[in-house]
Amino acid sequence: MSVYMVFTKEKTIDPEEMKTYAQKIRPTFEGHPVKILVNYGPTEILEGDPVEGVALLEFPTVEAAKAWYESPAYREIVGHRFKGAKYSGVIVQGV
């Protein structure tokens, strides 16, 4: 059963840090079974607080999702996202 990582960007703090993050993210997926389903396309808020963007990643298992998130390649660049914007991130199991 697939699992999904959902990242919501709530507020940009430093656009240059976000630019660096965006330039470096793709190579971190190499060797990981990930499918990018949503990548900051247009959004329409139906409920709750506004968000600037949403990313939705599909993985075959929780372990595979965590393996990418905790990988050395991702750990090396994630600081740019932490400095660049306020985010929320969750893993959710599909049905």
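Here, each number is a calculation from the coordinates, and none is a lab measurement. Because the structure is predicted, anything quoted here is derived from the model rather than measured. Reconstructed Cβ throughout: ideal geometry from the backbone, glycine too, with neighbour counts over all protein chains shown.
Only aspartates and glutamates eight or more places from K9 in sequence, or on another chain, were considered; those with a Cα closer than 15 Å are E17, E44, D49, E52.
When M18, M1 are sorted by how many other C-beta atoms sit within 10 angstrom of their C-beta, beginning with the fewest, the order is M1, M18. Among the chymotrypsin sites (Phe, Trp or Tyr not before Pro) in region 1-90, those located in a DSSP loop and surrounded by at most 16 other Cβ atoms within 10 Å of their own Cβ are Y40. Which entry in (i) 37, 35, 22; (ii) 62, 31, 29; (iii) 32, 32, 17 is this structure's computed Cα extents along the principal axes in Å? So the calculated entry is the one marked (iii). Where only DSSP H runs of four or more residues are counted, the chain gives -9500 deg cm²/dmol as its mean residue ellipticity at 222 nm, each run worth -39500 (n - 2.57). Among K35/K83; K11/K35; K24/K86, which pairs are too far apart, with a Cα-Cα distance over 22 Å? Table pairs above 22 Å Cα-Cα are K35/K83; K11/K35.
In loop segments of region 1-79 as defined by DSSP, the GluC sites (Glu not before Pro) with at most 13 further C-beta atoms inside 10 Å of their C-beta are E30, E44, E47, E70.
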